[in-house]
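All remarks here apply to the structure that follows.
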4 protein chains.
Amino acid sequence: MTSSIPKSIAIIAGAGPGTGSAIARRFAQAYPVVLLARSRGSLDPLLRDITQNGGSAVGIPTDVTNPTSMDSTMDEIKAQLGSDLRVAAAIYNVAGKFSRKPFLEQGMEEFLGSLEPSVKGAFNFAHATLPLMVNDGGHPQKYKYPPTLIFTGATAALKGGSGLSAFAMSKFGIRAMSQSLAREFGPKGVHVSHAIIDGIINTEKTKGYGEDVPDSKIDPNWIAESYWFLHTQPRTSFTHELDLRPYVETW
Amino acid sequence: MTSSIPKSIAIIAGAGPGTGSAIARRFAQAYPVVLLARSRGSLDPLLRDITQNGGSAVGIPTDVTNPTSMDSTMDEIKAQLGSDLRVAAAIYNVAGKFSRKPFLEQGMEEFLGSLEPSVKGAFNFAHATLPLMVNDGGHPQKYKYPPTLIFTGATAALKGGSGLSAFAMSKFGIRAMSQSLAREFGPKGVHVSHAIIDGIINTEKTKGYGEDVPDSKIDPNWIAESYWFLHTQPRTSFTHELDLRPYVETW
Amino acid sequence: MTSSIPKSIAIIAGAGPGTGSAIARRFAQAYPVVLLARSRGSLDPLLRDITQNGGSAVGIPTDVTNPTSMDSTMDEIKAQLGSDLRVAAAIYNVAGKFSRKPFLEQGMEEFLGSLEPSVKGAFNFAHATLPLMVNDGGHPQKYKYPPTLIFTGATAALKGGSGLSAFAMSKFGIRAMSQSLAREFGPKGVHVSHAIIDGIINTEKTKGYGEDVPDSKIDPNWIAESYWFLHTQPRTSFTHELDLRPYVETW
Amino acid sequence: MTSSIPKSIAIIAGAGPGTGSAIARRFAQAYPVVLLARSRGSLDPLLRDITQNGGSAVGIPTDVTNPTSMDSTMDEIKAQLGSDLRVAAAIYNVAGKFSRKPFLEQGMEEFLGSLEPSVKGAFNFAHATLPLMVNDGGHPQKYKYPPTLIFTGATAALKGGSGLSAFAMSKFGIRAMSQSLAREFGPKGVHVSHAIIDGIINTEKTKGYGEDVPDSKIDPNWIAESYWFLHTQPRTSFTHELDLRPYVETW
């Protein structure tokens, strides 16, 4: 235990356009943010946007499902931002591909392919960030908010669906991990939370869907705002799961 | 549909010391608040506190389990605050008494007595406030936040317990009502939400409990803050259920 | 603790045509059955049917929501079947009326009317039968199966629905009671279980529904068979909840 | 669609001592059973036992997590039992190792090692057996019971736990698969079900645990009996999930 006060950062995995970007911009209002995505292409415009708005951001192309890639990312983070870091917030927003496909038409490779982002990626990400979440130099009271690890989930985290074995398995799995880590790291002061995003998110990709009903898609900025809210909760009052749905969603 | 813009208020049932007061103070930062409690005694200090802090508050002793009492309360609210009202936020924070008692030692009267605050009270309260939640003069867009109805729940809303038949039944019941109203009034733009308060709340009454572990009790101000957060969510992104627990809680 | 061996009976509340009758016929293969229903009319044909098949049955018109009515029913049971009784199985199959109705169009009376069968009736029934469930003269080992209390539930026990506040509240409530009693009376050797009947039941009333798809309605005899199966489980291996759905049901 | 009537068999994966053996013996009362386990050693005594009791059993050492191994097992089954087979019942009873271990002390290999039996094994097993479940030669009505696929689950399928990330993830995952396959294959007449085994099972391994309280461990024969009961349910009345707990279990 040292008396130095490590510098706080936020890390967002799955910082693509849409939800990931919105989360990154929100947390960049408070912390230097590290953005992880598969390809640099999706990172660059976001990095520009954040720095133009006075924030500080580093983008690192990373395959979170690969422990070696994740390790070298952590090394690069320390190289760029300093070695005495504390992760104030880590957001796991990597989505397995949603695909509805008859079970018997899926091969093992395809099945595992759907699972890996959740299973391996979430494991690697939590494994890399949790040690830096409790890294407060012995001065938790110097920090405004408890360190926070948030997993983005979906309706399929709550119930399976026809043709959705792999997808549901990955979302149930993420929720299992979130609940387990909450119980393990909560008593150490880490806030672990799971968000059930239930509905169509309003992004470039979903343009054209649900345009007939006003406000029928989830606003990514409000996913971000909700995650930020979770982050601000003190350890007396942690929320471990919340859902987000448009007002017209049936469920 | 008229073109007048009704005046927004917040109503809190169960505005006793502790959680109810904290919620009242929080919503009084934005709205005139109407506080309902069984006895005037518990209302007066809170009213003073709110007005001294620049808020506006009305306290009305009400038996929410009694439809006549609730009706006359609504009349008095209109008499005091004007007849063209809109309820921006209605918080149902009335707790059934928690009592763990062998099932066979409970009589019907006692059993129903435990249920009434939840069953009858929640019904009356929702019945009285929901019409004023959609009362926006046809101008929902003039209001910053969607009208919000929040029910305070508990762990016993999720699972029963030995000796807790009546308590669990009342908490399950409140959750059933919250889920049903969310589905019915959501599409009308009303945000209905249920909060699972799981842990000891830090109040006068619980002084002495859990003092050995720092921050081990839920901060009522953060229940209030969380309710306020729910209220601010736009209709694209409603949270219908969240839990609140201290970091050390086992669950 | 006496050395006499009380006589085992089964009691079914809600022994109307359809599910109740099927349950009664099934348990009558093993025990004298006591059938409770609001009116004698629905009991008589069932009593004839059971006795013609070699069973023994007593029908008592009872308002289970009324403690006095339930008390006098228990007295009559002892008058007819002897005072040294043990309830081997008690089935609570009383349904609140299913009605989907806008919340604001329901009055308190109507709302409570929907709740009473569940709340008051289940309380009365459990209160009257549980003492006779542990009444084994100190010889639990003399009985083939542990005493069993089963509550018939519905999908609405798991989630609310638009216009279903009262119905969902009653079904959530029954489930809360079942879970609580299971935890309280399980350690005393009583098996308390909740069955989620999710789908249309194949009865006289539902003739004409779903006829286009073969076997698309739940067979009441299989509800009965499932309840009987629950009854046969030894105390090492209690099932506390199961669902029953036709193969084509979506959920 | 042919007019031949394929021969019905049952397949049990995880046919080790304890639960798997009990299930095998129960289903062997009705069908030739195929028993899969990692090693021949655990199969031989069980095979002898079944054949001595008049049953018919084939044991095949199989690594269900390996698609090649599973494929050659299916070939061998057809070689031994005939190629025109129908799987009447397939039971997936392969347990991931239960290990409670601090998250940060687990490596990726270990983590995935805990997951594979559930993820890969369940996938392979369902993939290999489901085609033979709908293989009824176009005569489903010739068979007494609908084809049944049952997954053995655990409490950790419902909630996570400290140090149980991998275990909970695997159990949540199995449940997700069971729910998804139930919705996909139910309408085809296949009964898919998930059993939550919550408590210590009474086996050789658990001798010495909980001996102070009589009947405090789950009887493997009653797991088997419950699975058999599921199998007998007609398609009008499928149970998709049930729990099994000793009467003294707290939950």
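The values are calculated or read from the model by the stated rules, or taken from the named source; none is laboratory data. For clarity, every value in this text was computed on a predicted model and none was experimentally measured. So basically every Cβ, Gly included, is an ideal-geometry build from the backbone, and we count neighbours across all protein chains shown. Just so you know, the surface numbers come from the protein's heavy atoms only, side chains and all, with ligands and any DNA or RNA stripped out. Shrake-Rupley method; radii C 1.70, N 1.55, O 1.52, S 1.80 Å.
Values for this structure:
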| item | result |
| --- | --- |
| Some residue of the range A:143-157 being within 7 Å of another protein chain (Cβ to nearest Cβ) and either under 17 Å from B:L230 (Cα atoms) or among the basic types (K, R) (or both) | no |
| Unmet criterion (only one of (1) in a loop (DSSP other than H, G, I, E, B); (2) within 14 Å of chain A (Cβ to nearest Cβ)) for D:R235 | (2) |
| Filter result for C:V190 (surrounded by fewer than 20 Cβ atoms within 10 Å (Cβ to Cβ) and touching a residue at least 40 places away in the same chain (Cβ under 8 Å)) | no |
| Of all residues in the range B:73-87 being among the polar types (S, T, N, Q) and open to solvent by 10 Å² or more (accessible area, probe 1.4 Å), the one that is modelled with the highest pLDDT | B:Q80 |
| Qualifying residue in the range D:68-87 (condition: over 19 Å from the mean Cα position of the chain (by Cα) and closer than 23 Å to D:S226 by Cα) | no |
| Restricting the range A:149-160 to residues that are touching a residue at least 60 places away in the same chain (Cβ under 8 Å) and open to solvent by 10 Å² or more (accessible area, probe 1.4 Å), the residue that is farthest from D:A176 (Cα to Cα) | A:T152 |
| Residue list for the range A:133-142, restricted to those being more than 11 Å from every other protein chain (Cβ to nearest Cβ) and open to solvent by 20 Å² or more (accessible area, probe 1.4 Å) | A:N135, A:D136, A:G138, A:H139, A:K142 |
| Positions within the range A:102-115 being more than 10 Å from chain D (Cβ to nearest Cβ) and either of a type in the set (S, T, Y) or buried (at least 16 other Cβ atoms within 10 Å of the Cβ) (or both), in sequence order | A:G113, A:S114 |
| Candidate set from the range B:193-210 (those that are under 20 Å from B:Y92 (Cβ atoms) and polar (S, T, N, Q)); member that is least open to solvent (accessible area, probe 1.4 Å) | B:S193 |
| Inter-residue pairs, beta-carbon under 7 Å, first on the phi > 0 side of the Ramachandran plot and in the range D:208-222, second surrounded by fewer than 11 Cβ atoms within 10 Å (Cβ to Cβ), 6+ apart | none |
| Exclusive hit being in contact with a Pro (Cβ under 9 Å, 6 or more places away or on another chain), surrounded by 22 or more Cβ atoms within 10 Å (Cβ to Cβ) and of a type outside the set (F, W, Y), set D:H240, D:H231 | D:H231 |
| Positions within the range D:179-189 being small (G, A, S) and more than 7 Å from every other protein chain (Cβ to nearest Cβ), in sequence order | D:A182 |
| Any chance A:S4 is open to solvent by 10 Å² or more (accessible area, probe 1.4 Å), modelled with pLDDT of 95 or more and of a type in the set (G, A, S) | no |
| Check on D:A166, more than 8 Å from chain A (Cβ to nearest Cβ), crowded, with 24+ Cβ neighbours inside 10 Å, more than 13 Å from the chain's Cα centre (by Cα) and within 24 Å of A:K171 (Cβ to Cβ) | yes |
| Within the range B:129-148, tally of residues that are in contact (Cβ under 8 Å) with a residue 24 or more places away in the chain and part of a helix (DSSP H, G or I) | 6 |
| Index of the failed condition, C:A57 passing every other in (1) more than 22 Å from D:S237 (Cβ to Cβ); (2) out of contact with any Leu (no Cβ under 6 Å at 6 or more places or on another chain) | (2) |
| Selection status of A:F172, surrounded by 24 or more Cβ atoms within 10 Å (Cβ to Cβ), within 14 Å of chain D (Cβ to nearest Cβ) and in a helix (DSSP H, G or I) | yes |
| Filter result (crowded, with 17+ Cβ neighbours inside 10 Å and either touching a strand residue (DSSP E or B) at 6+ places or on another chain (Cβ under 9 Å) or more than 10 Å from chain A (Cβ to nearest Cβ) (or both)) within the range B:211-223 | B:K217, B:I218, B:D219, B:P220, B:W222, B:I223 |
| Filter result (closer than 16 Å to D:T148 by Cα and over 15 Å from the mean Cα position of the chain (by Cα)) within the range D:193-251 | D:T232, D:Q233, D:P234, D:R235, D:T236, D:S237, D:F238, D:T239 |
| Residue identified as open to solvent by less than 10 Å² (accessible area, probe 1.4 Å) and either over 14 Å from the mean Cα position of the chain (by Cα) or within 14 Å of chain B (Cβ to nearest Cβ) (or both) among C:A90, C:A128 | C:A90 |
| Matching entry among A:G161, A:G153 (being part of a loop (DSSP other than H, G, I, E, B) and within 27 Å of D:K120 (Cα to Cα)) | A:G161 |
| Residue check, D:G121 assigned to a helix (DSSP H, G or I), within 21 Å of the chain's Cα centre (by Cα) and surrounded by fewer than 19 Cβ atoms within 10 Å (Cβ to Cβ) | no |
| Where a residue in the range D:84-113 is among the hydroxyl-bearing types (S, T, Y) and its partner, wherever it lies, is buried (at least 22 other Cβ atoms within 10 Å of the Cβ) and not in a loop (DSSP other than H, G, I, E, B), with Cβ under 6 Å and at least six apart | D:Y92/D:A13; D:Y92/D:A122; D:Y92/D:F125; D:Y92/D:F151 |
| Selection count, the range B:199-232, where residues are in a loop (DSSP other than H, G, I, E, B), of a type in the set (G, A, S) and farther than 18 Å from A:G186 by Cα | 1 |
| All positions within the range A:238-251 that are in a loop (DSSP other than H, G, I, E, B) and out of contact with any helix residue (DSSP H, G or I) (no Cβ under 8 Å at 6 or more places or on another chain) | A:P246 |
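Residue-wise test of (1) within 18 Å of D:P131 (Cβ to Cβ); (2) touching a Gly at 6+ places or on another chain (Cβ under 9 Å); (3) among the aromatic types (F, W, Y).
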site: D:T148; (1), (2), (3): yes, no, no
site: D:A157; (1), (2), (3): no, yes, no
site: D:G160; (1), (2), (3): no, no, no
site: D:G173; (1), (2), (3): no, yes, no
site: D:S180; (1), (2), (3): yes, yes, no
site: D:H191; (1), (2), (3): yes, no, no
site: D:Y209; (1), (2), (3): no, no, yes
site: D:D219; (1), (2), (3): no, no, no
